[in-house]
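Trainee: Input: one structure, supplied below.
The values are calculated or read from the model by the stated rules, or taken from the named source; none is laboratory data. This one's a predicted model, so the numbers in the text were calculated from it and none came from an experiment. Cβ placement follows ideal geometry from the backbone for every residue including glycine, while neighbour counts extend to all protein chains displayed. The area values use the complete protein model at the heavy-atom level, side chains included, leaving out ligands, DNA and RNA. Shrake-Rupley method; radii C 1.70, N 1.55, O 1.52, S 1.80 Å.
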Amino acid sequence: MSEQSQLVEYALRLGDDALVLAQRLGEWVARAPELEEDVAMANVALDLLGQARALLTYAGEVEGAGRDEDALAYWRDDRDFRNALLVEAPGGDFAVTTARQLVFAAYQYELYERLRSSADQTLAAIAGKAVKEVHYHRDHATQWVLRLGDGTEESHRRMRAGLDTVWPYVDELFDADDLTAALSAGTAPIAVDPAELRDPWQAYVGAVLAEAGLEPPDDVPARRGGRQGLHTEHLGHLLAELQHLHRSHPGATW
Amino acid sequence: MSEQSQLVEYALRLGDDALVLAQRLGEWVARAPELEEDVAMANVALDLLGQARALLTYAGEVEGAGRDEDALAYWRDDRDFRNALLVEAPGGDFAVTTARQLVFAAYQYELYERLRSSADQTLAAIAGKAVKEVHYHRDHATQWVLRLGDGTEESHRRMRAGLDTVWPYVDELFDADDLTAALSAGTAPIAVDPAELRDPWQAYVGAVLAEAGLEPPDDVPARRGGRQGLHTEHLGHLLAELQHLHRSHPGATW
Amino acid sequence: MAGTDEQEAAFYAIVDSDGRIEPRDAMPEAYRKTLIRQMAQHAHSEIIGMQPEGNWISRAPSLRRKAILLAKVQDEAGHGLYLYAAAETLGVSRDHLLELLHTHQQKYSSIFNYPTLTWADVGAIGWLVDGAAITNQVPLTRCSYGPYARAMVRICKEESFHQRQGFEALLTLTRGSARQKAMAQDALDRWWYPSLAMFGPPDRESTHSDQSMRWGIKRFGNDELRQRFVDMTAPQADVLGLTIPDPDLRWNDERGHYDFTQPDFDELFRVISGDGPCNRQRMEHRVAAHTEGAWVREAAAAYAAKRAKRAEAAA
Amino acid sequence: MAGTDEQEAAFYAIVDSDGRIEPRDAMPEAYRKTLIRQMAQHAHSEIIGMQPEGNWISRAPSLRRKAILLAKVQDEAGHGLYLYAAAETLGVSRDHLLELLHTHQQKYSSIFNYPTLTWADVGAIGWLVDGAAITNQVPLTRCSYGPYARAMVRICKEESFHQRQGFEALLTLTRGSARQKAMAQDALDRWWYPSLAMFGPPDRESTHSDQSMRWGIKRFGNDELRQRFVDMTAPQADVLGLTIPDPDLRWNDERGHYDFTQPDFDELFRVISGDGPCNRQRMEHRVAAHTEGAWVREAAAAYAAKRAKRAEAAA
């Protein structure tokens, strides 16, 4: 794989994570437990969508084949998406969504924090903007984990179930592979080695869970494959909604 | 509207009813309360799908513009579908589905029973085959209305709620309009006047509900518009699933 | 108003001089009640109004449009927050107002009982529904109750942004393919009369109007506002290249206004009274979201109470 | 067997002469238990197997394919019914067997723990998974337990129909567009080794095999069946114009069989023990359907009881 292709692939991984999670969070709008959360969910979704647009646009530019953000979002099939499995699962109840938000925002925070120093100026700039947004997402998720974990018996039970639901998808976030190895090698690395993020992620998430009176589930078999386009069955249904209208009008401007 | 266009439109109404309900019933497969019902739901869905295919094929032939069953099922948009609103609503719980099945099968039975005498040979033949299938659908729904209505307190309560959910869509089934008036006029009518079906439908459904210890909901504002392509918001989502893959490969053979 | 004549005189002095009544000012009880009902209905409309547009978030045809739509629906939630907060200055809680909504004791704008059937409906709502809302609401930026007037300033600013976005979305469609243009025309055909109906019944049938005018919480009659909306919108339809579904719509030089066909007020009353295409769906969706969220709100309350207790114990 | 020597001799006389044991015949307790476990696992596989293919019912790319798929998934439910009924002849209820499935005390075929990612997977399941199932099951049409053997006759007939349909669906893809052909190849790449693993571990590691052979409920070893499947399937892949993802696959003239790479049996054991891509999803789906249907089954039981009582009272 050329360095150019590697960079495209890397930008797609980051961009697809953001795009697919934005789509899932959008499902909460007008369905949240209180009005403040309708606002917050939409806000997080908007931030993620903004990140996705910047990253997909950049992937298309580097690729140089004339694909823009919409070509990449609307015309790739399930097997071409590069997001981690975590973001594609259905939102479940508010506890499942909260658990996912904590896991993902804490991961994204550590990632973007380091990606600001990328030798790739565009990725560095995208990360510089995103890290502030993600800091808020992480804080927002943290507050809810505390409230649900240390709220009522029911919320505690649901929050534990939420963690159980998302935990199989945690390991994949930190998987290094040939691509990340190649892009994060050298003195001026372009990418962040995902494995590096595990410890600081663990420290943050562990502290939040402890304060909330929760424990990370253990002995959970890890699910992976998203970076290779081996997704869960959920992604296809999500893409059917996402893409149907756009694909129904090939070449149209919106 | 030429008589030819009227016939196309009429076949689309009947065909879309069957197609959309088949799609909804398909959602129950591998989700039914017991294995016998997985079989039964699939069976009813298959019958309806068969009716839809015959009717859409015929609509395309009469139209003479080269559209086959798939062109009509996969390439028309929401506003071009002619099904009654009843069939497009989400299935709800098993009681909602059972209520809809009773209402719809009892309607379809009276309809096809009469359509067997249509001056249009093709419609008559389709109806002749379908009426036997629908007789079974009606019987199957009847058995479940009795079980749920006269089963447990919970099932009775749910069955009442199921009737409440579907009842607003009942009246539309029996709406006559210029199209049905034109096609059902004369000594050798092509179509059945939907208004004619109301009394026998009422007699059948009323008797079943009475035996089940249930009452038809009253004072429910009627919802209509499907025959004019004025659907509920549910249809668009159903079509996104139904059509996404087919539309993603224009011109492909499957 | 625990009602001395002196207080009443002070109230009217402020209102008559176009001043602002503030939460701690004395006010007639009927004024307070009317304001609460009006602000609550307005807040309810914002949150129910999230549903028809929210219906297209997952399917928006470009990422840019998806972002614009998400931001718009988010603004509506924000407007709901401002307005419930403004109502709370009159001593009524958001929870109580939601309870009144959920039990059909308070209403929301009847326009949101129509379905969004195609993507063009999102544009049409921005252009027509937000356009009508602004026409209704701009005068309220000068209404006599301070918190309401200030909320309306913010809301109107955002809504005129939405209205331009809706217009622009439709313009893109009408400059697009034949299918896109047909989609836009179809949306206008379906949303035109319901939008005209947003101004309420003709003045001659409108109840309470005189009193509200006297109190400075209504500045213009329904008919005048409806005319203003038509005068603003008809030329915009020309720019879009769309035809307003009213064969009698034409400029009247003498009146200096457009002549137009009134909406079907019987339909309006039917929809208000519960018999619109989506009344039931909207309320079921709303109540389900509220009910399914109950355990979350309870958890937040329990957590806050625990924290307060711990803070107290530590103090 | 409440175990006299005479009964045991009678049992083996039937089995050894390739006769059929029927429900009322005496049989060793271990035979009964093994059969129940095997039939139950087979039945569970049919009903869990509805999920991966069911995943594409709503999105099938033509109405004809939708009908074929619906009919196929319906057949699987039907197979589940036959097999639970066959197991019930041994004095165990379907409810009890489902309970054992839901509490992870009984298993289903590991193949259904892989996801169906594209439409071509539906074809690949028909061609490969049903093909492997038939290879496994045809010998069971002659197994020693009558009800099981008879159920297998019916099931194998339907499954070979499904296998041909799957092949035909893939053939249509490989004769279609480049995207369709790529989809078919991708499906073969993903389903090949999991299909080979359906025959279980190599004979040298297979437990209970000898006993099952002795009892006439297993006729051939895993390795022999796996070889038979490869020999049947490899030429079909050529007809399809697809490449089996095994660089070492080639005809061995000397052996009169294809040489091929064994599947990853470690992966098989991981998936069987719960660590496959969809184990959790399949079981959650299954348990949710069962739990959500409880009130329906209770209603049906209550209704039947009431009717029986009324009939009695009327008699």
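Trainee: Send over a whole-number figure in Å² for the accessible area per residue of segment B:98-182, probe 1.4 Å. Mind showing how you got there, number by number?
Mentor: On the way: 3140 Å² over 85 residues.
On a per-residue basis, segment B:98-182 sits at 37 Å².
Trainee: Next question, about the same structure. On a C-alpha basis, how far is the centre of segment A:80-135 from the centre of segment D:12-63 in Å? Whole number, if you could?
Mentor: 47
Trainee: Using only DSSP helix segments of four residues or longer, with each worth -39500 (n - 2.57), what per-residue ellipticity at 222 nm results for chain D after dividing by its residue count and rounding to 500?
Mentor: On the way: 14 runs with 204 residues, N = 315.
After summing the helix terms and dividing by residue count, I get -21000 deg cm²/dmol.
Trainee: Okay, moving on. Could you give each residue of segment A:128-134 its phi-based ³J(HN,Hα) in whole Hz, using Karplus coefficients 6.51, -1.76, 1.60 with θ = phi - 60°, and x for Gly or Pro?
Mentor: Here the 3J(HN,Hα) series is x, 6, 5, 4, 5, 4, 5 Hz.
Trainee: By a straight-distance test (C-alpha under 28 Å), which lysines pair with D:LYS157 as possible cross-link partners, with residues fewer than eight away in the same chain excluded?
Mentor: B:LYS129, B:LYS132, D:LYS33, D:LYS66, D:LYS72, D:LYS107, D:LYS218
Trainee: Moving to a separate point now. Within 10 Å of each Cβ in peptide D:285-293, how many partner chain Cβ atoms are there on average? Round it to a whole number, please.
Mentor: Values: counts 2, 2, 0, 1, 7, 4, 1, 5, 7.
Per residue, the average neighbour count from other chains is 3.
Trainee: For n ≥ 4 DSSP H runs only, could you compute -39500 (n - 2.57) per run for chain B, divide by its residues and tell me the 222 nm figure to the nearest 500? Mind dumping the intermediate values first?
Mentor: Working: 10 runs with 165 residues, N = 254.
My calculation for chain B gives -21500 deg cm²/dmol from helical runs alone.
Trainee: Could you tell me the distance between the Cα centroids of segment D:110-130 and segment B:22-51, to the nearest Å?
Mentor: After rounding, the separation between the Cα centres reads 21 Å.
Trainee: For chain A, find the longest principal axis of its Cα atoms and tell me its angle to the long axis of helix A:153-166, 0 to 90°, nearest 10.
Mentor: Approximately 30 degrees, to the nearest 10.
Trainee: If you don't mind, another one. Sequence-distant or interchain residues sharing an amide H contact under 5 Å with C:ARG59, placed H: which?
Mentor: none
Trainee: Which residues' amide hydrogens lie under 5 Å from the amide hydrogen of D:TYR145, considering only partners 5 or more residues apart or on another chain, with H built in the peptide plane?
Mentor: Correct list: D:ILE21.
Trainee: While we're here: What's the center-to-center distance, using Cα atoms, between segment A:150-176 and segment B:184-254 in Å?
Mentor: Centre-to-centre (Cα) distance: 43 Å.
Trainee: Please compute the per residue accessible area over segment B:1-69 with all protein chains in place, 1.4 Å probe, rounded to a whole number of Å². Write out the running numbers ahead of the final one.
Mentor: Working: 2070 Å² over 69 residues.
Roughly 30 Å² per residue, with all protein chains present.
Trainee: Also, quick follow-up: Considering every residue in B:75-83, what mean count of other chain Cβ atoms within 10 Å of its Cβ is obtained?
Mentor: What the average comes to for B:75-83 is 2.
Trainee: C:ALA67: net charge of surrounding residues, Cβ under 11 Å, Lys/Arg +1, Asp/Glu -1, itself excluded? Intermediate results must be reported in sequence, preceding the final value.
Mentor: On the way: positive: A:ARG53, C:ARG64, C:ARG65, C:LYS66, C:LYS72; negative: A:ASP47, A:GLU69.
Here the charged neighbours net out to +3.
Trainee: Under a 5 Å amide H to amide H cut-off, with H placed in plane at 1.01 Å, what residues pair with D:HIS257 once short-range neighbours are removed?
Mentor: D:ASN252
Trainee: Here is a further query. Using all C-alpha to C-alpha distances in the protein assembly as shown, build P(r) with 10 Å bins and read off the rounded percent in each one.
Mentor: In order of increasing distance, the bins hold 2, 9, 16, 20, 21, 16, 9, 4, 2, 1, 0, 0 percent.
Trainee: Over segment A:3-248, what portion of Cα pair distances is larger than 34 Å, expressed as a whole percent? Could the numbers behind the result be given before it?
Mentor: Working: 3577 of 30135 pairs.
Pairs farther apart than 34 Å: 12 percent.
Trainee: May I pose another question? Counting only other chains, what is the mean number of Cβ atoms within 10 angstrom of the Cβ of each residue in peptide B:148-158?
Mentor: On the way: counts 6, 2, 5, 12, 8, 2, 6, 8, 2, 1, 3.
Per-residue shielding by partner chains comes out at 5.
Trainee: Let me ask something else about it. What does the buried accessible surface come to for D and B, summed over both chains, with the probe at 1.4 Å? Round to 100 Å². Kindly include the intermediate steps, with their values, before the conclusion.
Mentor: Values: alone 16020 and 11850 Å², together 23880 Å².
Counting both chains, the buried surface is close to 4000 Å².
Trainee: Separate question: If you bin every alpha carbon distance in segment C:46-160 into 5 Å steps from zero, what whole percent lands in each bin?
Mentor: Calculated P(r), rounded to whole percents: 2, 11, 19, 23, 20, 15, 7, 3, 0.
Trainee: May I ask you to evaluate 6.51 cos²θ - 1.76 cosθ + 1.60, the Karplus curve with θ = phi - 60°, for each residue of segment C:69-82 and list the ³J(HN,Hα) values in order in whole Hz, giving x for glycine and proline?
Mentor: 5, 4, 5, 5, 5, 4, 4, 5, 4, x, 4, x, 4, 4
Trainee: Of the options C:MET50, C:TYR148, C:ALA26, report the single residue whose Cα projects farthest towards the positive end of the charge dipole of chain C (beta-carbon charges: Lys, Arg +1; Asp, Glu -1).
Mentor: Among C:MET50, C:TYR148, C:ALA26, the one farthest towards the positive end of the dipole of chain C is C:MET50.
Trainee: By the scheme Lys and Arg +1, Asp and Glu -1, what is the net charge of all other residues having a beta-carbon under 14 Å from that of D:ALA308? Before the final figure, lay out the partial values.
Mentor: On the way: positive: B:ARG147, D:LYS306, D:ARG307, D:LYS309, D:ARG310; negative: B:ASP150, D:GLU312.
Summing Lys and Arg as +1 and Asp and Glu as -1 gives +3.
Trainee: Something else now. Apply the Karplus curve 6.51 cos²θ - 1.76 cosθ + 1.60, θ = phi - 60°, to the phi angles in segment A:35-46 and return the couplings in whole Hz, x for Gly and Pro.
Mentor: 3J(HN,Hα) across segment A:35-46, in whole Hz: 4, 4, 7, 4, 5, 5, 4, 5, 5, 5, 4, 5.
Trainee: What's the percent breakdown of Cα-Cα distances in chain D across 10 Å bins, shortest bin first?
Mentor: 5, 24, 32, 23, 11, 4, 1, 0
Trainee: Sorted from shortest, what are the nm distances separating the label point of D:HIS104 from equivalent points in the other copies, each placed 7 Å from Cα along Cα to C-beta?
Mentor: For D:HIS104, the inter-copy label distances come out at 4.8 nm.
Trainee: Filter the trypsin sites (Lys or Arg not before Pro) in segment D:231-287 down to the DSSP loop ones having no more than 10 other Cβ atoms within 10 Å, then list what survives.
Mentor: Working: sites: D:ARG250, D:ARG255, D:ARG270, D:ARG280, D:ARG282, D:ARG286; in loops: D:ARG255.
Answer in residue order: D:ARG255.
Trainee: Moving on to the next point. State the three equivalent ellipsoid semi-axes of segment C:5-78, derived from the C-alpha gyration tensor as the square roots of 5 times its eigenvalues, in descending order and whole Å. It would help to have the intermediate numbers written out before the result.
Mentor: Numbers: eigenvalues 348, 30, 10 Å².
Output for segment C:5-78: semi-axes of 42, 12, 7 Å.
Trainee: Rolling a 1.4 angstrom probe over the protein chains, ignoring ligands and nucleic acids, what is the accessible area of D:THR233 in square angstrom, nearest 10?
Mentor: My reading of the accessible area for D:THR233 is about 0 Å².
Trainee: Got a number for carbon plus sulfur as a percent of the protein assembly as shown's accessible area, 1.4 Å probe?
Mentor: On the way: 22950 of 44570 Å².
The value for the protein assembly as shown is 51 percent carbon and sulfur by accessible area.
Trainee: Sticking with this structure for a sec: Between B:HIS135 and A:ASP219, what's the calculated FRET efficiency when r is the beta-carbon distance and R0 is 56 Å? Round to 0.05.
Mentor: Details: r = 55 Å, r/R0 = 0.98.
Approximately 0.55, to the nearest 0.05.
Trainee: Where only protein heavy atoms count, and the probe is 1.4 Å, what is the accessible area per residue for segment D:45-164 in Å²? Can you show the working numbers first?
Mentor: Numbers: 3280 Å² over 120 residues.
It amounts to 27 Å² per residue over segment D:45-164.
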